[in-house]
1. Asn596 to Thr507: extension gain in nm, 0.36 nm per residue of separation minus the Cα-Cα distance?
2. Just read off the accessible area of His420 with the full protein assembly in place, 1.4 Å probe, to the nearest 10 Å².
3. By average Cβ neighbour count within 10 Å, what is the ranking of 336-345, 619-628 from highest down?
4. Kindly sort Glu283, Glu362 by accessible area of their heavy atoms, largest first, with the probe set to 1.4 Å.
5. Using the reciprocal of the averaged 1/r over all distinct C-alpha pairs, how large is the Kirkwood radius of the range 402-446 in Å?
6. Taking the Cα centre of the range 545-670 as origin, work out the dipole magnitude from +1 charges on Lys and Arg Cβ and -1 charges on Asp and Glu Cβ, in debye rounded to 20.
7. First measure r as the distance between the Cβ atoms of Ile517 and Phe291, then evaluate 1/(1 + (r/R0)^6) with R0 = 25 Å and state the FRET efficiency to the nearest 0.05.
8. Where does the charge balance sit around Phe276 when Lys and Arg score +1, Asp and Glu -1, over other residues with C-beta under 13 Å from its C-beta?
Amino acid sequence: LARALPTSRAPGPDAPEAAMQLNVQRSLLPADSAPEDADQLGCETIGLEPAVWRWWWRPVVLMGAACGLVGAVGAVGASAALGGAAIPARSAMRGGAMSKQEVILHKKSGAMPHDDLEDHMHKQSGAMPQDDLEDNMHNNSGAMTHDDMEDNMHSAEEAQSMDGTEGKTMEKLAAATELNKTSMCSAQGESCAASKCCKDAGLQCFSKDPYWAQCMPECTPGPNVMDQSSPAPWECKPLGKRTPGSPPKCSGDSEDCRSTKCCTTGGSQCFSKNEFWAMCRSECTPGPNLFEKDYHPWTCQALGPRTPGAASWVADKCAKGGEPCVAKGCCAEPGMQCYTQSPWYSKCRPSCTPGMKDTAWEHPWECKAVGSRTPTYIEGTVAEPGVVAQWVSERCSPIGANCLQTQCCHSVGHQCYKKHNYWAACRPSCSQAPDPKDGNKSWTCETLGPRSWGLSVKGYPSLYCISLFMPSGYEGPLLKSHLNANAGIFGCDGYDVFAAEPYTVGTSKDGVEVSAIGIPRIAVGVSQDGTAGNAKLFMAVWDKVIAGNRFRDYDFTLKVDPDAVLIPWRVRDHMRPHIGATAYVVNCNKFPNSPNFPMMFGAVEIFSSQAMDAYAMGSWKCGKQLPWAAWGEDYYMTHCLDFLGVGRIADFGVLGDNVCTGANCADQYKGSFHPFKSIDSWMQCWGQATAA
């Protein structure tokens, strides 16, 4: 056959495909019924003369119509090309005769008995074992030389019979054919508009419009919240057939994803912590994860593809809050799904049970889902921080310490930067230029671990609360009662108390022994507005706060009077929109027409971490250039921060003060109340404020 195939005549590019199609369309003919005209089976496709065809008809009967196989051989340079798995001719061509009954059996079953094949497959040097046949199946067909064919093809005189082939071989070849078909299909994320098929099991090609289609498990007509390109609706017309099999089962947020290497939550990816654990996360920075209980570092090696999250346009184009969502077909808030209550009303909800009612008098919900659920994460955004693990305050590094081993920092916005192999420090930023404050030495500025979110161990944003008190008066016992109830400033993430004499308040529920930080004794006069002229006293307190540096570990610093009832979680809600601002809060507008209002009343004073940093840098200017001697401390801080260019936040809900516009402890909006000087009155107000 090798000599019969003209070497000068190259087969056309469509020859293998045509031969395979013929192979599929026609069954094997009996050995004594070879067609008179070779054109019946398309022999001319491979340049095989009819005389040669009849000569080779009987011995070449394997895997479908004889000429179909020979056509495949000729078309790929004498290799049997089936679905991209090329088989050298020595594996595909066997000399020998086949009985009519065996051919009929092969025609019906598609496979030949293994024993007959072993008995009759041979060549001059011996038969080829089954393993050799499997070893020679591969995906990229290669041309076969004439020598290869001559070594492995039998002449008609030498080849006497061929009875069949093993069923497993047929299965292997069929699988190879399917593999080749699949390799031409589209992967996830690619357009399948042309291929109309998908590589991955269980996926279907769905069209968005005439120009784009994509492989997905399912498709819901309308806007696709994970379509990163545009909010244009999808028609979800299936193109081609669904790839056999089931889509891979991916891992949930708290599951080990080492084996699945994929995630169910949109906007997340499987990241490796070590060889024993991997988990789906929206993002991953090598080093410790500040939000999990285990402080051991993550390698953050990505395993598998990222599951797409919500597109950036979702927040603007989809339904918000309680507005009807059917017309828009999607929800702006993460995790929400559009449901119908009736044909006339709908809104976005986290879940819906048919027949449910939000109120006793409303129409029951039919809970028909419209569009798709918005993923938890929005692509291109940084995940919102939350409560960090308790070990962060215990193990991470404060300012001035070596963070080479801990790879994490206490202070808000600080990053562990490497100087050299023996030193790293927590800094807000880093420059590789020579540092004049460090002997003109340079830093590598390699980042180690994640940037700090601060010590938000109880809530976010984090609060650092301080109180100045007089232990010998009513304020000492009052603070003790707060500590025992885990109330007031002791519900903040961090706290300190200051006094002019030694005093131990007790041990908090956090296991911290609370003792007064000493300050100098400073006489207090009368201010210009008739209140305590205590500016100098509190200037000394703020000097101690700055020296302690703890304010840098929290988003906001609060100065709270002992007789003020503070509700920390409500203050967090008020301050959340202002994270990162360089500002302080004005909390009273008792006299709107006065040039001194709105102003900051001293019962509860709130400063951002950035505002405190500005004060730490410029307080000396206030001390030298402002006439503070007759001022109260709140008046002083207001004017000092204004003088330093710190911004204002007008929030009259953080404090309900009887000295300002009143204190109603049942007001669920207010973040604090003042004044309540006795233990009983303070606890009564606390009980009213926290009853809900």
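The values are calculated or read from the model by the stated rules, or taken from the named source; none is laboratory data. The shown structure was predicted, so the numbers you read here are calculated from the model rather than taken from an experiment. So basically every Cβ, Gly included, is an ideal-geometry build from the backbone, and we count neighbours across all protein chains shown. The accessibility values were calculated without ligands, DNA or RNA, using every heavy atom of the protein model including side chains. Shrake-Rupley method; radii C 1.70, N 1.55, O 1.52, S 1.80 Å.
1. Details: separation 89, 0.36 × 89 = 32.04 nm, distance 4.10 nm.
Once the chain is fully extended between Asn596 and Thr507, it gains 27.9 nm.
2. Spelled out: His420, probe radius 1.4 Å, area about 80 Å².
3. 336-345, 619-628
4. Glu283, Glu362
5. It is 10.6 Å.
6. Around 240 debye, computed over the range 545-670.
7. 0.25
8. Taking every Cβ under 13 Å from that of Phe276, the sum is -1.
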